[in-house]
Amino acid sequence: MTAPKKLFIKTYGCQMNVYDSERMAEALGGQGYSEVKSADEADMILLNTCHIREKAAEKVYSELGRFKKLKAEKPDLKIGVAGCVAQAEGQEIMRRQPLVDLVVGPQSYHRLPEMEEKARAGEKVLDTDFPEEDKFEKLKRRPKATRGPTAFLTVQEGCDKFCAFCVVPYTRGAEVSRPADRILTEARDLVERGVREITLLGQNVNAYHGAGANGDLTLAQLIWELDKVDGLERIRFTTSHPNDMMDDLIEAHGTCKKLMPYLHLPVQAGSDKILKRMNRSHTAESYLRLIERIRAARPDILISGDFIVGFPEETEEDFQATLDLVEEVKYGTAYSFKYSTRPGTPAAERPQVNPAEADDRLQRLQALLTRQQREIQDSMVGREVGVLFEKPGRQPGQMLGKSDYLHAVHVADCDRKAGDLARVRIVSSRTNSLAGELID
Ligand code: 5AD
Ligand code: SF4
């Protein structure tokens, strides 16, 4: 028997890439690969890349440059680029960095085993098609390997919204939902392997409309099906678009016990002029009313968001409207970015905001968001929350987990193990975590 080959995957970007990397590792597992934690040991290196902002894409080339020495020492080493940079740049990657053997787009991961064989045989291989076949069906999970208490599960991919700044509709393609029975089978399998919490993933997850036994299911209907899975304790989903926040989903936040009180609902900006230019097809006011309705269904829900500052033609007044919206919503956590020009997207052609001004706005927005995050985290002190333990902490006897609201919580002298759910009283709030004690 030949010695097992070693695979090193480095994942950039969003949670869907984390999910995809797991699937790729499993697909290559069938080719005799086992995963290792460093590039130095690997027979194959895969970079699972992100194209959302320019910085993310450029990182890939600097990382590839670092592999030159490795490849010189180990000529059999194969280097692959997967993910959204692969999809967006294709052949160009091999031209710019000839040490790359394999380029695979997100819709072609199920073809990795044959691509790997060709690469081993010395070919340069590229696959960035959007094939008709169902890649998820072909990417079967290896049975029964146990895993940690939380998992991602992709239910929907691609996006039809075409926000003017965003590459996702081009790199991940049109919106496609997976059939409900496949998702339920995957969820049951995950639960059998020890998973207690599943985060449903999709670029536009609340637009989910996968086939069910009696017609298409909405995301809320899918959640109710998952609610019946014994052993599954928590359900989350991300990322949602405000316009797809349907009544049944809002209602589920009030009535489905397994659905956690956390919602990532990006708004991007607070000025209607900018929202219109972003092609967001909602206004600041409609977003605020939506948040009100969600909070009426689930008053304690923690709202998370995404923001872009310095979008073309954003004035100081427009930016103020973003700050005003943030003041009104009060975000428990948020991600904010300086606008990054993405070639091929509509906004790329428009007059850009002065970069120093954009930097200044980003700093001001982040100061406000950090303050809100801190206030909400501090307000947890004294409260009782559910915690799902994930792993032991650095101190002896300490366990780490996540609260219902997705705050990191550590508990000292804790007799629970990874995968246990417990009621915990929060006793103090630190920079990025909460300390708690078991209630019973
Ligand atoms: N520039 C800056 N931020 C962007 N995002 C998407 N495209 C861009 C871009 N061109 C942000 C949005 C989105 C998040 C995933 O990344 O806020 O919600
Ligand atoms: Fe990109 Fe999200 Fe807009 Fe779709 S909805 S285009 S993924 S920002």
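The values are calculated or read from the model by the stated rules, or taken from the named source; none is laboratory data. Bear in mind that the values here come from a model prediction, so they are computed numbers and not experimental data. In this analysis, Cβ positions are derived from the backbone assuming ideal geometry, glycine residues included, and neighbour counts consider all displayed protein chains. Ligands, DNA and RNA are excluded from the accessible area calculation, which covers all protein heavy atoms including side chains. Shrake-Rupley method; radii C 1.70, N 1.55, O 1.52, S 1.80 Å.
Please give the Cα centre distance for segment 5-44 versus segment 100-141, rounded to the nearest Å. Going from one Cα centre to the other spans 14 Å. Panel note: the C-alpha atoms of segment 169-295, placed on their principal axes, show extents of 49, 33, 28 Å (largest first). Per residue, the accessible area of the chain comes to 45 Å², computed with a 1.4 Å probe over protein heavy atoms only.
Enumerate the residues in segment 206-234 having an amide nitrogen under 18 Å from the point lying 7 Å beyond the Cα of ALA297 toward its Cβ. Counting backbone N atoms under 18 Å from the label point, the list is 206-210, 217-228, 234. Based on the Stokes-Einstein relation at 10 °C and a viscosity of 1.306 mPa s, and on the Kirkwood radius from alpha carbon pairs, the chain is assigned a translational diffusion coefficient of 68 µm²/s. Express the relative contact order of segment 1-125 as a whole percentage, based on alpha carbon pairs under 8 Å and six or more residues apart in sequence. In percent, rounded to a whole number, it is 24.
Annotation: lysines with alpha-carbon distance below 28 angstrom to LYS273 (same-chain offsets under eight excluded): LYS55, LYS161, LYS330, LYS338.
Summarising the label geometry, the points placed 7 Å from Cα in the beta-carbon direction at ARG96 and PHE130 lie 2.3 nm from one another. A cut-off under 14 angstrom between Cβ atoms defines the neighbours of VAL85, and their net charge, with Lys, Arg +1 and Asp, Glu -1, is +2.
Placing +1 on the Cβ of every Lys and Arg and -1 on the Cβ of every Asp and Glu, with no other charges, gives segment 5-127 a dipole of roughly 380 debye about its Cα centre.
Taking the chain as a Gaussian network of alpha-carbon nodes connected by springs under 10 Å, the highest mean-square fluctuation of the residues GLU175, GLU233, GLU58 belongs to GLU58. Working from Cα pairs under 8 Å separated by at least six residues, relative contact order for the chain is 10 percent.
The magnitude of the dipole of the chain, with charges of +1 and -1 set on the Cβ of Lys/Arg and Asp/Glu and taken from the Cα centre, is near 1200 debye.
About the centre of its Cα atoms, segment 384-438 shows a dipole size close to 160 debye [charges on the beta carbon of Lys, Arg (+1) and Asp, Glu (-1) only; nearest 20 debye]. Would you work out if segment 145-379 is rounded, prolate or oblate? Take a ≥ b ≥ c from the square roots of the eigenvalues of the alpha-carbon gyration tensor; rounded if a/c is under 1.5, else prolate when a/b is larger than b/c, oblate otherwise. Because a/c hits 1.5 or more and a/b exceeds b/c, segment 145-379 counts as prolate. In summary, the aspartates and glutamates within cross-link reach of LYS257, defined as a Cα separation below 18 angstrom excluding same-chain residues under 8 places away, comprise GLU197, GLU225, ASP227, ASP230, GLU233, ASP247, ASP248, ASP300, GLU384, ASP404, ASP420.
Kirkwood hydrodynamic radius (Cα pairs, Å) of segment 7-165? That comes to 16.1 Å for segment 7-165. Label separation (ASN243 vs PHE162): 1.1 nm, computed from points 7 Å beyond Cα along the C-beta direction.
Within the listed set GLU390, GLU41, GLU73, the Gaussian network model of the chain (springs between alpha-carbon atoms below 10 Å) gives the highest mean-square fluctuation for GLU73. In a fully extended conformation the segment linking THR341 and LEU323 would gain 4.2 nm over its present Cα-Cα distance, using 0.36 nm per residue. Counting helices only, and only those DSSP H runs with n ≥ 4, report the 222 nm mean residue ellipticity of the chain as the sum of -39,500 (n - 2.57) divided by its residues, in deg cm²/dmol to the nearest 500. Helix-only estimate at 222 nm: -10500 deg cm²/dmol.
Prolate is the label for segment 297-437, because a/c, from the alpha-carbon gyration tensor with a ≥ b ≥ c as root eigenvalues, is 1.5 or above and a/b exceeds b/c. Available extension along the chain between GLU41 and ASN214 is 57.3 nm, counting 0.36 nm per residue and deducting the alpha carbon span. Scanning the chain for cysteines with no neighbouring cysteine C-beta under 4.7 angstrom from their C-beta gives CYS14, CYS50, CYS84, CYS159, CYS256, CYS414. Distance between the 7 Å Cα→Cβ label points at GLN31 and GLU384: 5.3 nm.
Which of rounded, prolate or oblate describes segment 384-438 when judged by the alpha-carbon gyration tensor and an a/c cut-off of 1.5? Because its axes are fairly even, with a/c under 1.5, segment 384-438 counts as rounded.
Just the protein heavy atoms count here, and of the accessible area of the chain at 1.4 Å, carbon and sulfur take up 51 percent.
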